[in-house]
1. Among the aspartates and glutamates, which fall within straight-line cross-link reach of LYS108, defined as a Cα-Cα distance under 19 Å, with same-chain neighbours fewer than 8 residues apart omitted?
2. Provide, for q = 0.12, 0.21 Å⁻¹, the log10 of I(q)/I(0) from a solvent-free Debye sum over equal Cα point scatterers in the range 37-161.
3. Where both residues lie in the chain, what percent of DSSP beta bridges are antiparallel, nearest 5?
4. Starting with the highest mean, order 8-21, 182-195 by the number of other Cβ atoms within 10 Å, averaged over the residues of each peptide.
5. Once you put a point 7 Å from the Cα of MET248 and another 7 Å from the Cα of SER226, both along the Cβ direction, what distance in nm separates them?
6. Using +1 at the Cβ of each Lys and Arg and -1 at the Cβ of each Asp and Glu in the range 45-163, identify which of VAL80, VAL134, ILE46 lies farthest towards the dipole's positive end.
7. Just to confirm the number: angle between the C-alpha axis of helix 119-129 and the first principal axis of the chain, 0 to 90 degrees, nearest 10?
8. How far apart, in nm, are the 7 Å Cα→Cβ label points at LEU63 and GLU35?
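Nothing in this text is a laboratory measurement; each read-out follows from the coordinates by a stated rule. No experiment lies behind these values; they were computed from the predicted model shown. Virtual Cβ from ideal backbone geometry, glycine too; neighbours counted across all protein chains shown.
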Amino acid sequence: MTGDQFAPQSVDYISGKTRLFTIVGDPIAQVRSPEFVTHEFVRRGIDAIVLPMHLTADRFDDLFPAVMAIENLDGLIITVPFKKRAAPFMQRLGPQAQITQTVSVLSKRRDGWIGEMFDGLGCVAALRRRGVQVAGARIMLLGAGGAGAAIAVALASQRPKSLRIVDPDVGRAAASAQMIAQAFPELDVAAAAASLDPDLFDVLINASPVGMLDRDACPLPIDRISPHLAVMDIVMMPDETRLLRMAMAAGCNVIYGREMLGSQVSAVVDFLTTA
């Protein structure tokens, strides 16, 4: 007997040298970045892993600096509801984040932390992959939080015909519309009420968390959707929200939340691994 049978068993995808990345949110169980982004690390031969981290909203400001101080942590992905709250902790902001003052991906560089907002870029790329024409389109955007603001900026840069922003927080919707109007003065953009008829638009995007915790919740007070609409919901779990189920039943062009993440994974890993 050699004793080999008593040796500990091991896995080959993590070790003491593995670089850590994490996604921070409240809640966190719904996120898909750990699977997708870790897969991209593995595909590139990078010894790194993305871990989910649940920080509660009431402890975020106290705990987040400590998380950033972890020596072998090289980057973070930020999800609901911290995309705006994480921005002030950055030494620098990327071009999209400078407009929105929100961040979705943070990278540790030699000169400190830099934050950028990728949600909008991923949204536009996912729409483009499905053949949805943003230029010249009438767009209804639900949600003016961190992700919604970033998506609004990215959509505005594609020169749609009009953009209407709907949020339960009327002041937040108005602030988002004002931000877009200042950055893109030629665009027809305004805050709007949830009672606005979605059939008057070409593209409907839910960038709010409605439908994430309750799969039967809908961000609009409607029970039908016109089949001419392209409908996207950035919620990734459940995969099919009530809004998307209605859209599929109507025969709409449906774009899933996972498609937005899938469209930006490569760019996110590039950003996270830049020295």
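1. Candidates past the 8-residue exclusion: GLU40, ASP47, ASP61, GLU71, ASP74, GLU116, ASP270.
2. -0.52, -1.23
3. On the way: 8 of 43 bridges.
Taking every DSSP beta bridge with both residues in the chain, the antiparallel ones total about 20 percent.
4. Working: 8-21: 10.6, 182-195: 14.4.
Descending packing order for the listed peptides: 182-195, 8-21.
5. My value for the distance between the label points is 2.4 nm.
6. VAL134
7. Its long axis makes an angle of about 70 degrees.
8. Label-label distance for LEU63 and GLU35, simple model: 2.4 nm.
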